[in-house]
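What follows is a short report on a single structure.
The values are calculated or read from the model by the stated rules, or taken from the named source; none is laboratory data. This structure is a prediction, so every number in the text was calculated from the model and none was measured. Note: ideal-geometry Cβ built from the backbone for every residue, glycine included; neighbour counts use all protein chains shown.
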Amino acid sequence: MAISYEWTPEEQREYSLQKLFKYIKDYVQPYSPYYRKVFKENDINPDKLTSYDDFRKIPITTKEDTAADQKAMILQPKTEGGAYDVEDVRASLKAKYAWQTLTTRYMRDLYGKPRSFHERVEQTALAEWNPIHFHMSGGTTGMPSMATYTDHDLHNVVPYIAGMLYLFGWEPKMRGLNMFPGLPHLAFFQVIFAEFCMDHGAGIFHTCGGKAIPTEKQVVIASMMPFDMYIAIPSYMTYWLKTAAAMIEMGVPKPDPVKYAVLAAEPLSDEYRDKLKDQFETIGSPDVKIIEGYGSTELRAAFFECGEKTNLHLNPEFYFWEVLDPETREPVKWGEPGVICFSHIDWRGTVLLRYWMGDLIQGGVVWEKCPSCGLTMPILRPPIGRATRDFTKIKGARVPHMNFQNAIRRVEGVESFQVIITKEDEADVTSRDRVIVHLALKEGAEAETVKAGVMKQVKIDTEISPDEVNVETAEKIEALLFERTGLKADWVVDRRELHV
């Protein structure tokens with residue numbers, strides 16, 4: 001039985017929890033090297049999990065836990081010479097593989113040669129367990145995470161999550177321009193999954209990012225054929241639109257208007273949306289709808305809004321969701337701010353329970369009927385920030401990094417920027433904090449007016465006065481933004497050796 005999105009929130013939560021318990025009992029307990037050890041060390045009997053309070057006895061999993069031994073996070077039956085304490089494939093699964101082989105799978109090899117029954121059963125089993133796709137995170141935290149997927153995942157789980165793209169208007173007849181870098185990251189492969197793992201995907205042109213196809217060439221491609229949708233990281237979308245506007249002024253034809261801009265991998269505030277809307281209007285797409293996405297390598301999927309500014313719709317069928325207090329790690333009420341945690345349900349490959357994502361959901365997560373699409377599910381309400389990294393103390397004040405970004409984006413005449421937090425004496429951790437803003441001006445903007453506006457707006461929004469506001473070329477700002485990872489823009493960089 002599958003979940004119904006017309007059930008009440010209480011019915012969905014109970015279904016999700018009970019499905020999770022069965023999954024832990026049938027798959028995680030026997031075949032997860034990491035969680036078998038966790039259950040043993042904490043005296044947890046998966047057969048006796050009956051309530052959320054029981055489930056909370058399982059310790060939270062962190063990035064440090066996964067980095068210690070990523071192979072131990074992969075579900076795997078016992079094999080000859082295997083390094084982990086896991087069970088043999090259970091008899092009930094062997095019977096399932098035999099039945100599947102008799103009815104549907106792998107009757108012949110690729111060249112039409114008949115295969116033995118034993119060979120075919122073995123291949124049926126491998127489809128469930130053998131990882132056939134791998135990718136990693138961008139490593140922006142210094143600890144890249146690995147995700148593995150089996151044939152089971154790509155046929156039985158991923159299509160249902162990728163299919164949630166239909167909520168905002170994705171249709172098989174549409175064409176999309178995927179600007180995500182062609183790298184072994186979820187950001188790129190989520191689009192691939194949506195294209196190939198649904199019964200009816202959509203036509204996608206994959207640019208593989210600006211290093212593979214220069215941005216100027218992408219703009220020319222967009223002007224040659226109509227696209228309904230652009231898919232990108234927000235910071236690259238900003239740069240792409242600026243480049244397109246400059247090329248249009250030089251005589252390059254305008255791209256056809258796009259219906260949607262699907263943006264993920266970076267927080268997207270209202271100020272950021274407004275800036276992007278203005279940029280889209282300059283290239284002839286005044287009615288574009290900006291759809292925010294949210295995902296991570298550990299999640300193994302991404303989620304989206306059902307419409308512009310309708311908040312992010314989460315899947316309760318293949319995930320169990322928690323929102324916890326960032327300090328006590330106790331559950332908060334639905335709708336209150338907290339750090340989001342998830343547990344996989346019915347996945348193979350890399351599987352995590354109670355994974356601490358570190359993302360502070362300032363608008364909380366509500367579990368209710370969406371007034372836009374009419375479906376009931378958990379709905380994540382931005383803004384989203386890191387529970388630790390995106391907050392810092394400056395001159396004694398606790399300041400969210402996003403506040404710097406929003407403040408500067410409100411100032412007319414700012415094209416792009418980067419905020420540097422440092423010390424007066426970088427060798428002395430006790431010296432005074434300094435905040436330096438580097439910015440590029442829009443054409444025609446007066447430098448001193450913009451600098452004064454940035455000083456004033458940053459003070460209003462953060463209670464911190466910048467020590468310097470420096471005007472740089474747009475090229476230098478772009479280089480600074482992508483210097484560290486080449487993937488995501490570093491709008492705020494804290495260079496202090498000690499965060500006070």
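Checked against (1) assigned to a helix (DSSP H, G or I); (2) touching a Ser or Thr at 6+ places or on another chain (Cβ under 9 Å), Val450 passes all but a single condition, namely (2).
Would you call Thr101 over 29 Å from the mean Cα position of the chain (by Cα), surrounded by 15 or more Cβ atoms within 10 Å (Cβ to Cβ), at pLDDT below 90 and closer than 15 Å to Arg348 by Cα?
Working: over 29 Å from the mean Cα position of the chain (by Cα): yes; surrounded by 15 or more Cβ atoms within 10 Å (Cβ to Cβ): yes; at pLDDT below 90: yes; closer than 15 Å to Arg348 by Cα: no.
Taking the combined requirement at face value, the residue does not satisfy it.
Gly139 passes every criterion in (1) modelled with pLDDT of 90 or more; (2) more than 19 Å from Val28 (Cβ to Cβ) apart from (1). Restricting attention to segment 459-500, the residues that are modelled with pLDDT under 90, part of a loop (DSSP other than H, G, I, E, B) and not polar (S, T, N, Q) total 17.
Comparison of Ile24, Ile44, Ile74, Ile60 shows that the only residue that is surrounded by 11 or more Cβ atoms within 10 Å (Cβ to Cβ), in contact with a Ser or Thr (Cβ under 7 Å, 6 or more places away or on another chain) and at pLDDT 95 or above is Ile74. Looking at this structure, is Tyr239 over 20 Å from Phe482 (Cβ atoms) and of a type outside the set (Lys, Arg)? Criteria not met by Tyr239. Here Ala261 fulfils each of the conditions (1) modelled with pLDDT of 95 or more; (2) out of contact with any strand residue (DSSP E or B) (no Cβ under 7 Å at 6 or more places or on another chain); (3) among the small types (Gly, Ala, Ser) apart from (2). Considering only residues in segment 322-345 that are surrounded by fewer than 19 Cβ atoms within 10 Å (Cβ to Cβ) and either under 20 Å from the mean Cα position of the chain (by Cα) or among the small types (Gly, Ala, Ser) (or both), the one that is modelled with the highest pLDDT turns out to be Gly335. Exactly one residue out of Gly413, Gly349, Gly363 is among the small types (Gly, Ala, Ser) and modelled with pLDDT of 95 or more: that is Gly349. Mind checking whether some residue in segment 149-165 is in contact with a Lys or Arg (Cβ under 9 Å, 6 or more places away or on another chain), of a type in the set (A, V, I, L, M) and under 29 Å from Lys275 (Cβ atoms)? Checked against the condition, which is being in contact with a Lys or Arg (Cβ under 9 Å, 6 or more places away or on another chain), of a type in the set (A, V, I, L, M) and under 29 Å from Lys275 (Cβ atoms), segment 149-165 yields no hits at all. Among the residues of segment 173-229, those identified as out of contact with any Gly (no Cβ under 8 Å at 6 or more places or on another chain), closer than 20 Å to Asp151 by Cβ and either of a type outside the set (Gly, Ala, Ser) or modelled with pLDDT of 90 or more (or both) are Pro184, Phe189, Ile192, Phe193, Phe196, Cys197, Asp199.
So, in segment 51-66, exactly how many residues are among the β-branched types (Val, Ile, Thr) and in a helix (DSSP H, G or I)? It would help to see each step written out before you state the result.
Step one: filter segment 51-66 for residues among the β-branched types (Val, Ile, Thr), giving 58, 60-62, 66.
Now drop any that are not in a helix (DSSP H, G or I), which leaves 66.
Adding up the residues that qualify gives 1.
Can you work out which of the residues in segment 442-458 that are surrounded by fewer than 15 Cβ atoms within 10 Å (Cβ to Cβ) and closer than 25 Å to Thr282 by Cα is modelled with the lowest pLDDT? So the residue we want is Glu443.
Annotation note: Cβ proximity below 9 Å between a residue of segment 330-342 that is within 23 Å of Lys19 (Cβ to Cβ) and a residue that is at pLDDT 95 or above and hydroxyl-bearing (Ser, Thr, Tyr) (sequence gap 6+ or interchain) occurs for Pro331/Tyr52; Cys341/Thr61; Cys341/Tyr355; Phe342/Tyr319; Phe342/Tyr355. Answer yes or no as to whether Glu271 is in contact with a helix residue (DSSP H, G or I) (Cβ under 7 Å, 6 or more places away or on another chain) and within 21 Å of Pro159 (Cα to Cα). The answer is no for Glu271.
Close Cβ contacts (under 7 Å, 6 or more residues apart or on different chains) running from residues in segment 57-81 that are without any contact (Cβ under 8 Å) to a residue 60 or more places away in the chain to residues that are surrounded by fewer than 16 Cβ atoms within 10 Å (Cβ to Cβ) comprise Lys57/Asn42; Pro77/Glu87; Pro77/Asp88; Lys78/Glu87; Lys78/Asp88.
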